1. Show the residue pairs meeting these rules: Cβ distance below 6 Å; 6+ apart or different chains; first residue within the stretch 29-40 and over 13 Å from H18 (Cβ atoms) and free of Cβ contacts under 8 Å to residues at least 40 places away in the same chain; second residue of a type outside the set (A, V, I, L, M, F, W, C) and exposed (fewer than 12 other Cβ atoms within 10 Å of the Cβ).
2. Of the residues that sit in the stretch 167-193 and are among the aliphatic types (A, V, I, L, M), modelled with pLDDT under 95 and part of a helix (DSSP H, G or I), which one is farthest from S151 (Cα to Cα)?
3. If you check Y133, Y125, which single one turns out to be of a type in the set (S, T, Y), part of a helix (DSSP H, G or I) and open to solvent by less than 40 Å² (accessible area, probe 1.4 Å)?
4. Please go through the stretch 26-66 and pick out each residue that is over 23 Å from V134 (Cβ atoms) and among the acidic types (D, E).
5. Restricting to the stretch 12-40, count the residues that are under 14 Å from the mean Cα position of the chain (by Cα) and not hydroxyl-bearing (S, T, Y).
6. Taking L197 as the residue in question, decide whether it is assigned to a helix (DSSP H, G or I) and either surrounded by fewer than 17 Cβ atoms within 10 Å (Cβ to Cβ) or of a type in the set (F, W, Y) (or both).
7. Taking the options A170, A178, A160, A186, name whichever one is under 23 Å from A44 (Cβ atoms), surrounded by fewer than 14 Cβ atoms within 10 Å (Cβ to Cβ) and in contact (Cβ under 8 Å) with a residue 60 or more places away in the chain.
8. Any residue at all in the stretch 91-99 that's in a loop (DSSP other than H, G, I, E, B) and among the charged types (D, E, K, R)?
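The values are calculated or read from the model by the stated rules, or taken from the named source; none is laboratory data. Only a predicted model underlies this, so the values are computations on that prediction, with no experimental measurement involved. Cβ: placed from backbone, ideal geometry, glycine included. Neighbour counts: every protein chain shown. SASA here: full protein model, heavy atoms, side chains in, ligands and nucleic acids out. Shrake-Rupley method; radii C 1.70, N 1.55, O 1.52, S 1.80 Å.
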Amino acid sequence: MRGFFDQLGPERSAAITHVSADQADWIAEVVAERCPHAVQCADAFHIVKWATDALDEVRRQAWNDARRAGQTKGKGYGNRVATGDARRFKYARYALWKNPENLTDRQRDKLAWIAKTDPRLHRAYLLKEGLRYVFAVKGEAGKQALDRWLSWARRCRIQAFVHLAKRITAVRAHIDAALEHDLSNALVESVNTKIRLITRIAFGFRSATALIALVMLSLGGHRPVLPGRIDPRMGQ
């Protein structure tokens, strides 16, 4: 990170006004050191991922509880029910992760089953969606929604989300800045995805220089003049 700022130079570093990043300490500390006047914004994707990870922790607990219930009930009908529940919790991950508007009918059925079978896991799902809503509405409405979400998470009695509420409170200023300035890592992440695609299509590169050259050609807006062609920029 410091190497990046070394190449950027002190003048251009000082011109940076806003920085969007995940909330890793090693990023925040170097940004504060090299461009202390820049507003640090928490990237929405990474913050919502914290909630997704907390939700998955609760799902794994539900899965383990169902497995243990099957082991203690022994053979028979009750064991089959518990084993089936454990399997359904195991394969409910994507239904819980996906945004509601992207769910298939089968995944909606899984969520309805979870709401009836395990209210605690369903409440964790609603907490995840509540945090996603904060970044969807943005601005002052987003800040107010986050206040309500934090109040809910602190008293939800789900340890993973109680811990998440503390974690979010610690970076609240950066989240408020992201809501206010509508800044995120979305563009950078999009470019990274395209770079990974270029690498996959090429089955890898022999050197970083070759990769950088093709990325600049594909994504950097460069239009080199090919041999035997007239440069259109010369007006001929």
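1. Qualifying pairs under 6 Å: V30/R2.
2. V191
3. So the residue among Y133, Y125 that is of a type in the set (S, T, Y), part of a helix (DSSP H, G or I) and open to solvent by less than 40 Å² (accessible area, probe 1.4 Å) is Y125.
4. The answer is E29, E33, D65.
5. Within the stretch 12-40, residues that are under 14 Å from the mean Cα position of the chain (by Cα) and not hydroxyl-bearing (S, T, Y) number 4.
6. Spelling it out, L197 is indeed assigned to a helix (DSSP H, G or I) and either surrounded by fewer than 17 Cβ atoms within 10 Å (Cβ to Cβ) or of a type in the set (F, W, Y) (or both).
7. Of A170, A178, A160, A186, the one residue that is under 23 Å from A44 (Cβ atoms), surrounded by fewer than 14 Cβ atoms within 10 Å (Cβ to Cβ) and in contact (Cβ under 8 Å) with a residue 60 or more places away in the chain is A186.
8. Yes, that holds for at least one residue.
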